[in-house]
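Below is one structure, written out as structure tokens; comments come after it.
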Amino acid sequence: MGQDLVDEDELSAAGAQVAEEHRFPCPACGSDLRFSADAGDLVCDHCGHVEHVAATGRTQWTEALRELDYAAALRREVPADQIVEVRGVHCNSCGADIEMGEAEQATECPFCASPVVTDTGSHRRLKPQALLPFALDEKTARQKMTDWLGRLWFAPNGLKEYARKGRRMKGIYVPYWTYDADTRSRYKGQRGDDYYETQTRVVNGKRESHRVRKTRWRRVSGRVARDFDDVLVLASDSLPRDYTDALEPWDLGELLPYQPHYLAGYLAEGYVVELEPGYAIARQKMDAVIASDIRRDIGGDRQRIEAVDTDVSDITFKHILLPVWLAAYKYGGKSYRFVVNARTGKVKGERPYSAWKIAFAVLLGVLAAGAFMYLNQMQG
């Protein structure tokens, strides 16, 4: 029937594990250290060794979190220290770009559980300037996902069993752009003020009075200004934007300068939405806010915006990484994903619907309706 649930670990014919971009060997036993969300340090799961992470100095902090000039970046005038060369793989199924280590040749995509093979080239791209480190460990994220699944009555039982078995989730840093800009907008429109008139009509031979709402319109024009800070744009196509938008808000005030040790034990996805297309998405978000500012400025009970002319200046940006826990699985030949905000625990996902559960619910509804009609007839 095409209803079998397939664990993502069974999808790769080569049995390869998802690669990690950065590895830090344990000085005590040689195993890989990972960044611990609880301890805030590098820990070894094999022998328990803890490697303390040094605090970032104020100068390094300020330099890492400074905004970069958007126009200069379009002219390819970005400082050399902001460019990094990475090796990765592109998933043809969902479009994700996954950064790989030097030794990996095959893996599976953590976003859709499809087998992929690395290419042989490397890519020059803007390196991340800042990130939010993982604050929730995998166990906590899995519990958040399990609780969320428990509220999905129409989900197949196999899906909930998948969560109960404690299949490992993938910790992934997802790429984002943030944009700052100063805007000044001139607008033309109309302001509508409601008023009421009393009208009389005949209903069942009787004259009745009632109030009718009408709107008096007048033309208006004006100016609004808005300085935008950290307009967030997903720089990936591997996850639906409504999923990542549902994980907001992010505590961007807690951003830390990018350091490779934060990626130990996790994956980092490379951006596929370039800087300029990302800004076009940011402008859509800005324009929506500007329209709200204009409506407030017009006032009245109703507003019509006829024309807006916006001047944008001082456009800057940052490339940042935000942490999510991800579970990818296949059901009925289609990939499904759960995403957990690794800072707040908010969950968003997609799921198949169990046909028999829906049929059972419909049957119960029909039986309940029939019983209700029968009782009404008996009482009649």
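The values are calculated or read from the model by the stated rules, or taken from the named source; none is laboratory data. Bear in mind that the values here come from a model prediction, so they are computed numbers and not experimental data. Ideal geometry is used to build each Cβ from the backbone, glycine not excepted, and the neighbour counts take in all protein chains shown. Each accessible area value is taken on the protein alone, full model and side chains, heavy atoms only, with ligands, DNA and RNA left out. Shrake-Rupley method; radii C 1.70, N 1.55, O 1.52, S 1.80 Å.
Points to keep in mind about this one:
- Filtered residues of segment 210-238 (kept if touching a Lys or Arg at 6+ places or on another chain (Cβ under 7 Å) and surrounded by 15 or more Cβ atoms within 10 Å (Cβ to Cβ)): VAL220, VAL231, LEU234
- Filtered residue count, segment 291-301, keeping only those that are open to solvent by less than 80 Å² (accessible area, probe 1.4 Å) and of a type in the set (Lys, Arg): 0
- Tally, over segment 265-290, of residues that are assigned to a loop (DSSP other than H, G, I, E, B) and surrounded by fewer than 21 Cβ atoms within 10 Å (Cβ to Cβ): 3
- Positions within segment 202-215 being under 30 Å from GLY300 (Cα atoms) and in contact with an Asp or Glu (Cβ under 8 Å, 6 or more places away or on another chain), in sequence order: ARG211, VAL212, ARG213, LYS214, THR215
- Flag for ASP182 being out of contact with any Leu (no Cβ under 6 Å at 6 or more places or on another chain), of a type in the set (Asp, Glu) and at pLDDT 85 or above: yes
- Single residue of segment 114-134 satisfying the filter (open to solvent by 40 Å² or more (accessible area, probe 1.4 Å) and either assigned to a helix (DSSP H, G or I) or out of contact with any Phe, Trp or Tyr (no Cβ under 9 Å at 6 or more places or on another chain) (or both)) that is modelled with the highest pLDDT: ARG124
- Single residue of segment 1-42 satisfying the filter (aliphatic (A, V, I, L, M), more than 23 Å from GLU269 (Cα to Cα) and modelled with pLDDT of 60 or more) that is surrounded by the fewest Cβ atoms within 10 Å (Cβ to Cβ): ALA39
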